[in-house]
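**Q** Okay, handing you the structure first.
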Amino acid sequence: MIPVAEFKQFSEQQPAFKLLKPWWDVLAEYLTVAMLMIGVFGCTLQVTQDKIICLPSHEPRENLSEAPCRQLLPQGLSEQMEGLQEVSGLKNNLDLQQYSFINQLCYEEALHWYPKYFPYLVVIHTLIFMVCSSFWFKFPGTSSKIEHFTSILGKCFDSPWTTRALSEVSGENRKGHATGRAIATVEAGAGLGKAGEGEKGKIVAEPEKVVSEPPAVTLLDKKEGEQAKALFEKVRKFRVHVEEGDILYTMYIRQMVLKVCKFFAILVYNLIYVEKISFVVTCTVETSRFTGYASFCCNHTKAHLFSKLAFCYISFVCVYGITCLYTLYWLFHRPLKEYSFRSVREDTGMGDIPDVKNDFAFMLHLIDQYDPLYSKRFAVFLSEVSESRLKQLNLNHEWTPEKLRQKLQRNSKGQLELSLCMLPGLPDTVFELSEVEALRLEAISDITFPPALSQLVHLQELSLLHSPTRLPFSSHVFLRDRLKVIRIKCEELREVPLWVFGLRGLEELHLEGLFPPELARAATLESLRELKQLKVLSLRSNAGKVPASVTDVASHLQRLSLHNDGARLLALNSLKKLAVLRELELVACGLERIPHAVFSLGALQELDLKDNHLRSIEEILSFQHCRKLVTLRLWHNQIAYVPEHVRKLRVLEQLYLSHNKLEALPTQLGMCSGLRLLDVSHNGLRSLPPELGLLQNLQHLALSYNALEALPDEIFFCCKLRTLLLGYNHLSQLSPQVGALRALSRLELKGNRLEALPEELGNCGGLKKVGLLVEDTLYEGLPAEIRQKMEEE
């Protein structure tokens with residue numbers, strides 16, 4: 001005997017797969033179990049009991065064509081038949097072996113195939129139904145996706161983050177409804193108050209006190225937060241993988257169509273052949289030579305039971321078929337390859353939950369037939385808003401206020417600065433550090449400043465380097481008059497957030513980014529009219545001209561810096577309108593001449609033309625119109641000579657000519673009597689004009705990295721000289737006149753051809769060992785008393 005449990009393997013699936021079995025699949029499964037029991041029961045009877053029992057017929061040969069088994073019919077029917085003869089007590093003279101032979105022979109020859117194989121057919125058909133129902137759970141191309149989906153679905157359903165996210169949303173909705181009711185009550189109370197004015201009995205309409213219990217939000221520890229983060233990544237990858245095709249949907253339809261076809265085939269042939277199940281069977285075989293008889297009357301012992309089982313089986317098959325037909329109607333009547341989370345978005349308030357398609361949508365439709373709550377909880381992990389909240393929570397766990405305070409440092413301005421770099425978001429705990437004065441955020445994506453930003457009451461400087469930032473209106477109102485300095489760095493200048501140009505209290509604006517190639521020539525920048533307090537504007541880009549919007553702040557802009565990274569700046573006429581500009585930097589702007597627009601800046605005090613392509617500076621004469629110019633930086637260019645009319649710059653205090661191609665200096669340079677700093681290092685100077693000794697106000701002289709072989713003694717007439725840099729030249733000796741520089745505190749002599757140092761260095765009272773940069777052997781050659789004096793603090 002075969003136990004029914006042996007057939008379980010044909011329909012056995014993982015317990016998690018039940019999520020994808022709607023009610024019709026469950027009903028069909030129970031029907032197949034019932035049909036299988038019918039088949040197994042019939043097979044058992046076939047094996048354990050005699051199949052057929054036959055007796056020889058005593059009818060004459062000539063009557064063999066008539067029914068030989070009329071005498072075996074029930075009595076009621078026998079009386080209606082003509083010529084019925086009662087035969088009883090006849091001896092057949094057959095032994096047991098002959099009866100067995102006849103029974104077996106008549107079973108094979110005379111019994112119709114349908115009652116003979118009925119139970120086996122039931123078992124076979126039922127097994128085919130089972131295989132069709134569970135094939136997509138076994139086929140490698142579909143079972144892997146189903147297994148992955150059910151695994152992720154179970155984790156999403158049980159995740160503490162799902163509970164927290166839905167609880168927060170329900171809490172916000174409850175809070176919103178409560179706020180609405182409170183506002184309505186206040187308005188109603190105000191109306192009553194106006195109606196009761198003038199009455200002695202004063203009616204005070206107080207708003208209804210709404211007591212709303214906060215939702216029971218689960219607190220996530222760090223491990224649970226990391227697990228939820230991994231779930232978001234799994235869901236994202238699974239969605240991309242499954243939405244590419246529709247193999248699950250196609251496989252389910254195919255197996256359902258196969259079951260319907262199988263149902264019609266079974267129903268038709270069973271209805272045709274079920275009448276072949278008969279209790280009495282006439283058997284005519286040529287066995288008279290062995291038994292003496294050629295016709296037999298046989299009794300199919302299980303015919304009555306098989307007819308009842310057939311009726312039950314056909315009934316189950318009909319119900320099964322109707323279920324399959326309903327499933328086909330469901331498959332083709334509804335758009336199962338598209339799934340909308342509209343109701344979930346309305347219930348949860350997560351408006352960014354995307355709709356899905358193909359196999360992903362089909363599985364969610366099946367899940368809804370099991371329990372719609374699964375889809376609702378699963379949708380939490382499709383929401384970017386939910387993911388950002390989780391990231392925020394993990395950030396807050398990782399970056400506690402105590403850890404952030406350890407990163408506080410004083411910047412170059414003496415401000416207390418917090419610098420954060422390459423984080424997945426901005427921790428909310430940042431806003432608990434009310435002492436922060438400068439906030440620097442670098443490579444942090446999708447920053448949104450919350451209302452808690454108002455807690456940073458001392459914030460004055462904000463740096464956003466490759467950190468896209470959104471600023472809600474409430475936070476913008478807070479920063480609008482408080483923020484003094486902002487630095488923005490991005491790939492393209494059009495990524496600069498618009499709220500930056502509405503900060504009315506801003507004093508310094510530093511922007512770094514490129515204009516798109518098609519916009520570089522126009523160099524269009526947002527209007528700066530709202531920036532009434534702006535004093536410093538720095539722009540590092542590839543602009544083809546000075547942005548026209550710079551003139552919006554012409555009346556109060558004091559410092560303008562344009563760094564063009566080598567791109568040529570063509571149009572500079574708008575500079576003429578900057579009447580109060582004090583400092584101008586045109587760095588790496590591809591300039592070959594000093595722009596004429598610069599000479600119109602009467603308030604200009606500092607000019608920096610670093611890293612351009614200047615070869616000639618004949619226009620330097622025009623700087624006499626810039627009567628307040630005190631600092632001129634012409635370093636890192638290709639200047640070959642300095643014109644003689646440099647003498648006109650009598651108010652100039654600092655002149656930077658380093659990293660050029662100078663081979664000589666004009667004698668007229670000594671007539672710049674106001675010069676305090678002169679830097680001509682990194683050139684090709686071989687000698688110096690003695691007239692430099694006329695610079696009585698000179699305090700800093702840089703001559704390093706030239707080809708000087710000797711210094712004129714007149715250099716040492718500059719008695720106010722504090723820094724003298726002579727390193728890496730070809731000097732073979734240092735004049736004893738150096739002792740006249742009483743104020744000298746820094747002297748560089750490294751990289752020369754000196755054999756000894758003059759003892760007169762001891763007369764330089766301000767020169768100490770730390771300020772003397774020279775080879776150790778030369779320093780050791782000084783007298784001991786001079787070295788001792790230099791080493792004294």
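**Q** Under 6 Å between Cβ atoms, which residue pairs at least 6 apart in sequence (or on different chains) link something in region 731-751 that is among the charged types (D, E, K, R) with a partner that is assigned to a strand (DSSP E or B)?
**A** The qualifying pairs are R746/T723; E748/L725; E748/L773; K750/L773.
**Q** Let me ask another. G674 versus (1) closer than 19 Å to E606 by Cβ; (2) touching an Asp or Glu at 6+ places or on another chain (Cβ under 8 Å); (3) modelled with pLDDT of 95 or more: which is the lone unmet condition?
**A** (3)
**Q** Sticking with this one: Under 6 Å between Cβ atoms, which residue pairs at least 6 apart in sequence (or on different chains) link something in region 769-793 that is touching a residue at least 40 places away in the same chain (Cβ under 8 Å) with a partner that is surrounded by 17 or more Cβ atoms within 10 Å (Cβ to Cβ) and of a type in the set (D, E)?
**A** L773/E748
**Q** Could you please find all residues in region 688-711 being touching a residue at least 24 places away in the same chain (Cβ under 8 Å) and in a loop (DSSP other than H, G, I, E, B)? It would help to see each step written out before you state the result.
**A** Residues of region 688-711 touching a residue at least 24 places away in the same chain (Cβ under 8 Å): 688-697, 699-706, 711.
Scanning region 688-711 gives L688, P689, L695, Q696, N697, Q699, L703, S704, Y705, N706, L711.
**Q** Only one of (1) in a helix (DSSP H, G or I); (2) in contact with a Ser or Thr (Cβ under 9 Å, 6 or more places away or on another chain); (3) open to solvent by 20 Å² or more (accessible area, probe 1.4 Å) fails for S445. Which number is that?
**A** (1)
**Q** Given (1) in the same structural domain as L695 (by the TED database); (2) within 30 Å of H556 (Cβ to Cβ); (3) part of a loop (DSSP other than H, G, I, E, B), where does A664 come up short, assuming only one miss?
**A** (2)
**Q** Is it the case, given these coordinates, that I266 is over 60 Å from the mean Cα position of the chain (by Cα) and either modelled with pLDDT of 85 or more or open to solvent by less than 50 Å² (accessible area, probe 1.4 Å) (or both)? It would help to see each step written out before you state the result.
**A** On the way: over 60 Å from the mean Cα position of the chain (by Cα): no; either modelled with pLDDT of 85 or more or open to solvent by less than 50 Å² (accessible area, probe 1.4 Å) (or both): yes.
Here the answer is no, as I266 does not meet what is asked.
**Q** A further question follows. Somewhere in region 728-743, is a residue at pLDDT 95 or above and in a strand (DSSP E or B)?
**A** Taking every residue of region 728-743 in turn, none turns out to be at pLDDT 95 or above and in a strand (DSSP E or B).
**Q** Name the single residue, out of those in region 448-482 being part of a strand (DSSP E or B) and among the hydroxyl-bearing types (S, T, Y), that is most open to solvent (accessible area, probe 1.4 Å). Give the steps one after another, and end with the answer.
**A** At the first step, the residues of region 448-482 found to be part of a strand (DSSP E or B) are 448, 461-465, 469-470.
Those left that are additionally among the hydroxyl-bearing types (S, T, Y): 448, 463, 469.
On the way: T448: 65, S463: 3, T469: 15 Å².
The extreme case among them is T448.
**Q** Another question, if that's okay. Residue by residue through region 20-46, note down the ones that are under 20 Å from K262 (Cα atoms) and open to solvent by less than 10 Å² (accessible area, probe 1.4 Å).
**A** Correct list: W24, A28, T32, M35, L36, G39.
**Q** Here is a further query. Could you grab me the full set of residues in region 359-388 that are out of contact with any helix residue (DSSP H, G or I) (no Cβ under 7 Å at 6 or more places or on another chain) and in a helix (DSSP H, G or I)?
**A** As a first pass, look at region 359-388 and keep what is out of contact with any helix residue (DSSP H, G or I) (no Cβ under 7 Å at 6 or more places or on another chain): 361, 365, 371-373, 383-385, 388.
Of everything in region 359-388, those that are out of contact with any helix residue (DSSP H, G or I) (no Cβ under 7 Å at 6 or more places or on another chain) and in a helix (DSSP H, G or I) turn out to be A361, H365, P372, L373, E384, V385, S388.
**Q** Taking strands (runs of 3 or more DSSP E) that do not extend beyond region 488-597, which have at least 3 residues that are open to solvent by 30 Å² or more (accessible area, probe 1.4 Å)?
**A** Numbers: elements: 508-514, 536-540, 559-563, 583-587.
So the answer is 508-514.
**Q** Let me ask something else about it. Given (1) closer than 23 Å to M422 by Cα; (2) at pLDDT 90 or above; (3) out of contact with any Asp or Glu (no Cβ under 9 Å at 6 or more places or on another chain), identify the lone condition not met by E495.
**A** Here E495 meets the rest and fails (2).
**Q** Does S151 satisfy the condition of being open to solvent by less than 60 Å² (accessible area, probe 1.4 Å), part of a helix (DSSP H, G or I) and in the same structural domain as I272 (by the TED database)?
**A** Numbers: open to solvent by less than 60 Å² (accessible area, probe 1.4 Å): yes; part of a helix (DSSP H, G or I): yes; in the same structural domain as I272 (by the TED database): no.
For S151, the condition - open to solvent by less than 60 Å² (accessible area, probe 1.4 Å), part of a helix (DSSP H, G or I) and in the same structural domain as I272 (by the TED database) - is not met.
**Q** Out of region 746-773, which residues are in contact with a strand residue (DSSP E or B) (Cβ under 7 Å, 6 or more places away or on another chain) and not in a helix (DSSP H, G or I)? First the steps, then the outcome.
**A** Here is the first cut: in region 746-773, the residues in contact with a strand residue (DSSP E or B) (Cβ under 7 Å, 6 or more places away or on another chain) are 746-750, 767, 771-773.
Of everything in region 746-773, those that are in contact with a strand residue (DSSP E or B) (Cβ under 7 Å, 6 or more places away or on another chain) and not in a helix (DSSP H, G or I) turn out to be R746, L747, E748, L749, K750, L767, L772, L773.
Yes/no per residue for (1) in contact with a Gly (Cβ under 6 Å, 6 or more places away or on another chain); (2) farther than 30 Å from H636 by Cβ; (3) hydrophobic (A, V, I, L, M, F, W, C); (4) open to solvent by 60 Å² or more (accessible area, probe 1.4 Å):
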| position | (1), (2), (3), (4) |
| --- | --- |
| H700 | no, no, no, no |
| T723 | no, no, no, no |
| Y728 | yes, no, no, yes |
| Q733 | no, yes, no, yes |
| E759 | no, yes, no, yes |
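**Q** Of the residues L632, L655, which single one is assigned by the TED database to the domain that holds L621 and in contact (Cβ under 8 Å) with a residue 12 or more places away in the chain?
**A** Numbers: L655 fails: assigned by the TED database to the domain that holds L621.
Going through L632, L655 in turn, the sole match is L632.
**Q** Quickly run through region 400-414 and pick out the residues that are open to solvent by 30 Å² or more (accessible area, probe 1.4 Å) and either in contact (Cβ under 8 Å) with a residue 12 or more places away in the chain or touching a strand residue (DSSP E or B) at 6+ places or on another chain (Cβ under 9 Å) (or both).
**A** Initial filter on region 400-414 (open to solvent by 30 Å² or more (accessible area, probe 1.4 Å)): 400, 402-403, 405-414.
Within region 400-414, T400, R405, K407, L408, Q409, R410, N411, K413 qualify.
**Q** Here's something else I'd like to know. Which residues, counting only those in region 266-291, are under 14 Å from I314 (Cα atoms) and free of Cβ contacts under 8 Å to residues at least 40 places away in the same chain?
**A** The answer is V268, Y269, I272, E275.
**Q** Is it the case that some residue within region 344-351 is within 25 Å of K145 (Cα to Cα) and open to solvent by 10 Å² or more (accessible area, probe 1.4 Å)? Give the steps one after another, and end with the answer.
**A** Taking region 344-351 first, the residues within 25 Å of K145 (Cα to Cα) are 344.
So of that shortlist, the ones also open to solvent by 10 Å² or more (accessible area, probe 1.4 Å) come out as 344.
Within region 344-351, one or more residues are within 25 Å of K145 (Cα to Cα) and open to solvent by 10 Å² or more (accessible area, probe 1.4 Å).
The values are calculated or read from the model by the stated rules, or taken from the named source; none is laboratory data. Note that the coordinates shown come from a computational prediction; the quantities given were computed from them, not determined experimentally. Glycine also receives a Cβ, built like all others from the backbone with ideal geometry; neighbour counts cover every protein chain displayed. Just the protein is used for accessible areas: all its heavy atoms, side chains included, with ligands, DNA and RNA removed. Shrake-Rupley method; radii C 1.70, N 1.55, O 1.52, S 1.80 Å.
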